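*Asks:* My questions all concern the structure below.
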Amino acid sequence: MSHDLVCRGVNVRFGQFHALRDINVSFQPNRVTALIGPNGAGKTTLMNVLSGLQKHSGQVLLGDQDISGLRPDRRAGLGISRSFQIVAVFPDMTVFENMRLALQPNALAWSMPWRSIHGYRDLAADAAARLETFGLHDVADRPAAELSHGQQKLLELALSLASDPKVLLLDEPLAGVGHGDAKTFVQTLGRISEGRTTVLVEHNMDVVLNVADHIIVLADGSLFAQGTPAEIRADRKVRDVFLGQSA
Ligand code: ADP
Ligand code: MG
């Protein structure tokens, strides 16, 4: 089954302001697609369009299905996970407990005394393995609130992957994250993109060039350029846009 996520003729207006202009793009499975562009380009707005938070004209398709009219909860049901919005980290619970809870197929089951002890053990093993993948095994028994900012971001990513989403939407997941944790995040992201469609909004071009398979550049609400990291890196007009911003 194809999980291509496609925008066809997407427009968003805030009153007179035209925030997204006729966006036609495709996000493909087994790839990390980076969405880049100057502040105010429309990146977050486009992520909101994909997750169902933003009204728009035009279509959003997941595979063959037109999901334009579906609310965020229905889209989540189809496997579209917007990290850091849908995921809740419980600060007083340990990292391990947070992970195990996220792996419960149904949050209600948590309080059901009759759930099987075997299911419980499998869940615990799965939780431990996932924390290892995200470099969080050393802090598994600490309350989530005690983690560094970067570790919390890693935990949020781990939790948002618990439901094994087909589409993972990450809007600046590394904001405020230190170098070491960012490196773990990038390495992990490379590994978890298999079997899903990942969309990443990220300012750090080193991260983008490292982790992205495909790059989409937005500027002033329009599609400005797209291509492989090598193509984007070599694109003179893309460089001008970014230099213009940092000047
Ligand atoms: P980016 O994430 O690329 O920095 P955004 O998608 O957040 O940009 O915003 C794109 C433009 O749309 C900006 O000029 C922003 O001010 C405007 N905008 C975003 N959300 C709203 C809103 N709810 N109402 C009015 N203007 C908005
Ligand atoms: Mg944004």
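The values are calculated or read from the model by the stated rules, or taken from the named source; none is laboratory data. This is a predicted model, so every value here is computed, not measured. Counting neighbours? That spans all protein chains shown, and the Cβs are built from the backbone with ideal geometry, glycine included.
*Asks:* What pairs come out if I take residues in the stretch 9-36 that are farther than 12 Å from VAL49 by Cα and surrounded by 22 or more Cβ atoms within 10 Å (Cβ to Cβ) and pair them with residues that are at pLDDT 95 or above and of a type in the set (Lys, Arg) whose C-beta lies under 9 Å away, six or more apart or interchain?
*Replies:* Correct list of pairs: LEU35/LYS43; ILE36/LYS43.
*Asks:* Still on this structure: What residue, among those in the stretch 160-212 that are in contact with a strand residue (DSSP E or B) (Cβ under 8 Å, 6 or more places away or on another chain) and β-branched (Val, Ile, Thr), is surrounded by the fewest Cβ atoms within 10 Å (Cβ to Cβ)?
*Replies:* So, considering only residues that are in contact with a strand residue (DSSP E or B) (Cβ under 8 Å, 6 or more places away or on another chain) and β-branched (Val, Ile, Thr), the one surrounded by the fewest Cβ atoms within 10 Å (Cβ to Cβ) is ILE192.
*Asks:* If we keep just the residues of the stretch 143-186 that are closer than 20 Å to ASP126 by Cα, out of contact with any Leu (no Cβ under 8 Å at 6 or more places or on another chain) and not in a strand (DSSP E or B), which is farthest from ligand 2 (Cβ to nearest atom)?
*Replies:* ASP164
*Asks:* Here's another thing I want to ask about it. Could you list, in sequence order, all residues of the stretch 73-96 that are in a helix (DSSP H, G or I) and either at pLDDT below 75 or buried (at least 17 other Cβ atoms within 10 Å of the Cβ) (or both)? Before the answer, list the steps.
*Replies:* First, pick out the residues of the stretch 73-96 that are in a helix (DSSP H, G or I): 73-77, 95-96.
Hits for the stretch 73-96 are ARG75, ALA76, VAL95, PHE96.
*Asks:* Among the residues of the stretch 132-140, is there at least one that is closer than 28 Å to GLY52 by Cβ, part of a helix (DSSP H, G or I) and either modelled with pLDDT under 85 or of a type in the set (Phe, Trp, Tyr) (or both)?
*Replies:* Keep residues of the stretch 132-140 that are closer than 28 Å to GLY52 by Cβ, which gives 134.
If we keep only those that are part of a helix (DSSP H, G or I) as well, we get none.
Scanning the stretch 132-140 turns up no residue that is closer than 28 Å to GLY52 by Cβ, part of a helix (DSSP H, G or I) and either modelled with pLDDT under 85 or of a type in the set (Phe, Trp, Tyr) (or both).
*Asks:* Okay, moving on. Scan the stretch 193-247 residue by residue and report those that are within 16 Å of ligand 2 (Cβ to nearest atom), in contact with a helix residue (DSSP H, G or I) (Cβ under 7 Å, 6 or more places away or on another chain) and in a loop (DSSP other than H, G, I, E, B).
*Replies:* Answer for the stretch 193-247, where residues must be within 16 Å of ligand 2 (Cβ to nearest atom), in contact with a helix residue (DSSP H, G or I) (Cβ under 7 Å, 6 or more places away or on another chain) and in a loop (DSSP other than H, G, I, E, B): just GLU202.
*Asks:* Additional query: Out of the residues in the stretch 1-58 that are under 15 Å from the mean Cα position of the chain (by Cα) and part of a strand (DSSP E or B), state the one that is farthest from GLU172 (Cα to Cα).
*Replies:* By that ranking, first place goes to LEU5.
*Asks:* Can you tell me which residues in the stretch 2-49 are within 11 Å of ligand 1 (Cβ to nearest atom) and of a type in the set (S, T, N, Q)?
*Replies:* GLN16, ASN39, THR44, THR45, ASN48
*Asks:* Residues of the stretch 30-59 being polar (S, T, N, Q) and either within 16 Å of ligand 2 (Cβ to nearest atom) or modelled with pLDDT of 95 or more (or both), which ones? Working first, answer last.
*Replies:* From the stretch 30-59, those polar (S, T, N, Q) are 30, 33, 39, 44-45, 48, 51, 54, 57, 59; that's our starting set.
Hits for the stretch 30-59 are THR33, ASN39, THR44, THR45, ASN48, SER51, GLN54, SER57, GLN59.
*Asks:* Any residue at all in the stretch 50-69 that is closer than 21 Å to PRO165 by Cβ, within 9 Å of ligand 1 (Cβ to nearest atom) and buried (at least 17 other Cβ atoms within 10 Å of the Cβ)?
*Replies:* Yes - at least one qualifying residue is present in the stretch 50-69.
*Asks:* Only residues in the stretch 88-100 that are within 13 Å of LEU136 (Cα to Cα) count as the first member; pair them with residues that are hydroxyl-bearing (Ser, Thr, Tyr) and in a loop (DSSP other than H, G, I, E, B), Cβ under 8 angstrom, at least 6 apart or cross-chain, and list the lot.
*Replies:* Pairs found: none.
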